[in-house]
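Inspection log for the structure reproduced underneath, given as structure tokens.
Throughout, read-outs are computed from the coordinates displayed, never taken from laboratory work. From a predicted model like this one, the values you see are computed outputs, not experimental measurements. With ideal geometry, Cβ positions are generated from the backbone for all residues, glycine too; neighbour counts draw on all protein chains shown.
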Amino acid sequence: MTETVDPRLTTAAAQRRILGDDLLARLHSRAADYDRENRFFAEDLEDLREAGYLRANRDVRAGAFHPPNSDAARDYIGKFALGLL
């Protein structure tokens, strides 16, 4: 389920709209097990991904249109290593 979030909504309201009470209940019901078993919350993460939550606060103006420039990254790392920054 992918849904476009209305930018006029507050972050909290948008999160409630995307997550819904049933998803929040599922996440809550598994939380104690994750803590007790000290394991990664893979099922919750998958549910959040499917609900579109992981993209809810993504800034579409950055990243998608401007992929990372590896040359600029290498230049920065090199200058930092040489103490030029």
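If I model a spin label at residue 21 and residue 40 as a point 7 Å from the Cα along the Cα→Cβ vector, what separation in nanometres do I get?
3.3 nm
For a protection proxy built on the mean count of beta-carbon atoms within 10 angstrom, sort 36-49, 18-31, 71-84 highest first, please.
The packing order, highest mean first, is 18-31, 36-49, 71-84.
Between residue 49 and residue 85, what FRET efficiency follows from the Cβ-Cβ distance if R0 is 30 Å, with the result rounded to 0.05?
0.25
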